[in-house]
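**Student:** Sharing a structure below in structure tokens format, with a few things to ask.
Values quoted throughout were computed directly from the atomic coordinates according to the rules given, and no laboratory measurement underlies them. Keep in mind that what you see is a predicted model, and the values were worked out from it rather than measured. FYI the Cβ positions are ideal-geometry reconstructions off the backbone, even for glycines, and counts take in every protein chain you see.
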Amino acid sequence: MSKGSVFVSVACTALLLAVTVGCTTNPVEKHADAAPPSGASAGKPKQTAANTQHTRQSKEELVLSFYKDSSLSDEAKVRHMTDHLAGIQWGKMNEINEHLSLEIIEYLYRQRAFIPSESFPNVIRASEGLDGALSESYAGLMGDLFTRDRTAMTRALANMDKTNRTQGIGSIGYALSYREPKEVKKEIQQWQAGQKLTTAEKDVIRALFVKLDNPY
């Protein structure tokens, strides 16, 4: 066989191998592209039975369930409870269990140190169905929260709808009226002097002063 024939034969063989390799690798790449990435569906949240149950529960039932959960610390209980306080109806709570509303409000009062400032709006909105002893206990809670963090409570009240703002200011004024009103006003004025309050926040303080003079 001549050198030219050998060269042509080798070249043809190399070309045939290249074509064969190309044909066998493409399908593999195609299948690799088509295969879903590992764990692609793992990032999709699944609704658990516990979440579904909580979704179906009313605010009153949720607050009660956290209150009765003995596996939670007081701090965790209070945080979970205050997360769901907004819009709660204490009358409905009593329908579930008589006198339970008072028990829960008094519990929150005892554990008020665990109520975070960011939960103040929820506490303000938890005034539906208050009367008698409930109002007294709720007012005590609101008064202490205001005294602890005047800035956060004043801001929360200023951003509240008129009904809840009026109710909240009334509760705080009633609670603080057990002290000498002049002394309370003096303390608030001293605090206010170091603040840059908005017009709405100043209105809250003015309304509170009026309530201190006439808490009933």
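**Student:** In the stretch 73-110, what residues are among the polar types (S, T, N, Q), surrounded by fewer than 18 Cβ atoms within 10 Å (Cβ to Cβ) and within 24 Å of residue 165 (Cβ to Cβ)?
**Tutor:** Answer for the stretch 73-110, where residues must be among the polar types (S, T, N, Q), surrounded by fewer than 18 Cβ atoms within 10 Å (Cβ to Cβ) and within 24 Å of residue 165 (Cβ to Cβ): just 89.
**Student:** Residues 141, 212, 130: which one is of a type outside the set (Lys, Arg), within 22 Å of residue 60 (Cα to Cα) and part of a helix (DSSP H, G or I)?
**Tutor:** 141
**Student:** From the set of residues in the stretch 174-215 that are within 16 Å of residue 140 (Cβ to Cβ) and hydroxyl-bearing (Ser, Thr, Tyr), which is surrounded by the fewest Cβ atoms within 10 Å (Cβ to Cβ)?
**Tutor:** Going through the qualifying residues, I end up with 178.
**Student:** Just to be sure, is residue 70 farther than 27 Å from residue 165 by Cα, assigned to a loop (DSSP other than H, G, I, E, B) and out of contact with any Phe, Trp or Tyr (no Cβ under 9 Å at 6 or more places or on another chain)?
**Tutor:** yes
**Student:** Tell me which residues, restricted to the stretch 194-216, are within 13 Å of residue 151 (Cβ to Cβ) and either of a type in the set (Gly, Ala, Ser) or touching a residue at least 12 places away in the same chain (Cβ under 8 Å) (or both).
**Tutor:** Correct list: 194, 195, 197, 198, 201, 204, 205.
**Student:** Tell me the residue from 156, 193 that is of a type in the set (A, V, I, L, M) and within 19 Å of residue 87 (Cα to Cα), please.
**Tutor:** 156
**Student:** Within the stretch 156-186, work out how many residues are part of a helix (DSSP H, G or I) and under 13 Å from residue 208 (Cα atoms).
**Tutor:** Summing the residues that are part of a helix (DSSP H, G or I) and under 13 Å from residue 208 (Cα atoms) in the stretch 156-186 gives 19.
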